[in-house]
1. From A28, A20, A82, A70, grab the single residue that is small (G, A, S), exposed (fewer than 14 other Cβ atoms within 10 Å of the Cβ) and at negative phi.
2. Exactly one of these conditions fails for L47: (1) open to solvent by 90 Å² or more (accessible area, probe 1.4 Å); (2) at pLDDT below 95. Give me its number.
3. Please verify whether A48 is touching a residue at least 40 places away in the same chain (Cβ under 8 Å) and of a type outside the set (K, R), treating the condition exactly as stated.
4. Hey, could you check the stretch 91-140 for residues that are closer than 22 Å to S41 by Cβ, touching a strand residue (DSSP E or B) at 6+ places or on another chain (Cβ under 9 Å) and modelled with pLDDT under 90 and say which is least open to solvent (accessible area, probe 1.4 Å)?
5. Looking at V53, is it surrounded by fewer than 12 Cβ atoms within 10 Å (Cβ to Cβ) and within 26 Å of V26 (Cα to Cα)?
Amino acid sequence: MQIEMLLRLTFLLAPALTLAAIDLGVNAAFPTSSWDYHQRSHGWAILAVCLLVVVLLLAVLPSRLVAVSAGIVAGGVLGNVASAYRHGGSVPNPIVVGAVALNLADLFVLLGVPVLVFALARVSIRNREHIDRLIPPRKWELRLRRRLGL
């Protein structure tokens, strides 16, 4: 059991560190205009680090898909936190599309969150018998189960 959890932690940390490094490399390689920096507050930094901790804790769930998708989200969050730290609270956004400026870390979060939601729903459905023991069913759920023959 511990070996599987260490494997999931590896599946989480490998993409997180790799994607954060790619984001930082792209931010350093491409020049960013001064108006393409987004200022971040200390409160944002604290919330981002808390989110990072929560996402890292998802490695305990019995799913490699959760671990990989959490790693993608963590890579984006870590990239933005590191960029903000490196640039005095401002995050560079070298990718400009029309009126929108963003960086790879933003894209990693935007792509990782839907996959993470899907993976968490999948884990919940696969382990619903454990969840059902902890939460007593409501009357409408009991009627639905009887009707469906469950």
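The values are calculated or read from the model by the stated rules, or taken from the named source; none is laboratory data. None of the values given here were measured: they were computed from a predicted structure. FYI the Cβ positions are ideal-geometry reconstructions off the backbone, even for glycines, and counts take in every protein chain you see. The accessibility values were calculated without ligands, DNA or RNA, using every heavy atom of the protein model including side chains. Shrake-Rupley method; radii C 1.70, N 1.55, O 1.52, S 1.80 Å.
1. Just a single option satisfies the conditions, and that option is A28.
2. In the conditions (1) open to solvent by 90 Å² or more (accessible area, probe 1.4 Å); (2) at pLDDT below 95, L47 misses (2) alone.
3. no
4. The qualifying residue least open to solvent (accessible area, probe 1.4 Å) is N93.
5. So V53 passes the test.
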